[in-house]
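The values are calculated or read from the model by the stated rules, or taken from the named source; none is laboratory data. Note that this is a predicted model, so its numbers are computed, not measured. Here the Cβ positions follow ideal geometry from the backbone for every residue, glycine too, while neighbour counts run over all protein chains shown. Areas reflect the complete protein model, heavy atoms only, side chains present, ligands, DNA and RNA absent. Shrake-Rupley method; radii C 1.70, N 1.55, O 1.52, S 1.80 Å.
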Amino acid sequence: VCTDDSVCFDEAVSWRECAQRHIREPKRISEMCDGYGDQFDVCVQKWRDTGCTKKLKGAGVGDPPNQCAGMSCLIARCAEENNYNFDLCTTPSNYFKRCVKGLYGSPYIME
């Protein structure tokens, strides 16, 4: 189980797709998509409960896990859709950090 680098991929995709659908209504993203994030968290916890302590990350230095990479694009898309008012994009940003933290153990990858 710990060798599966695609763990919780489907849950991450569903979560990202929900946020993407609601990117033009940033105040509703949490209401509409937090449940998908909760499903992702449950999946990660089940994976961790198997004894896996692996830190997943992307191929390059500082790259997020593949499951989270698409989520990072939502931050820029949110900014574009909301006239670069980054205050409206905290939810996509927090989703990205939450995804990375779940699979890597920290919201920032420094290696």
- Could you work out the relative contact order of the chain, using alpha carbon pairs under 8 angstrom and six or more residues apart, expressed as a whole percent? 30
- Have a look at ASP41, ASP49, ASP63 and tell me which one the Gaussian network model of the chain (Cα, springs below 10 Å) gives the largest fluctuation. ASP49
- Which percent of the accessible area of region 10-77 is formed by carbon and sulfur heavy atoms (probe 1.4 angstrom)? 48
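At most 14 other Cβ atoms within 10 Å and a DSSP loop assignment: could you name the trypsin sites (Lys or Arg not before Pro) in region 28-106 that fit?
LYS55
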- Tell me which label goes with the value of Cα extents along the principal axes in Å computed from the coordinates here: [x] 72, 31, 22; [y] 43, 29, 17; [z] 50, 48, 30. [y]
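Assuming 0.36 nm per residue, please report the length gained on full extension of the stretch LYS27 to ASP4 beyond their Cα-Cα distance. Don't skip to the end; give the middle numbers.
Details: separation 23, 0.36 × 23 = 8.28 nm, distance 3.49 nm.
Length gained, LYS27 through ASP4: 4.8 nm.
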- Separation between the GLN39 and LYS54 pseudo-spin-labels, each 7 Å from Cα along Cα→Cβ, expressed in nm? 2.3
- Task: Leaving out ligands and nucleic acids, note down the accessible area per residue over region 11-79 with a 1.4 angstrom probe, in whole Å².
- Result: 54
- Query: Using Cα atoms only, what is the angle between the long axis of helix 26-49 and the major principal axis of the chain, expressed in degrees (0 to 90) to the nearest 10?
  - Reply: 0
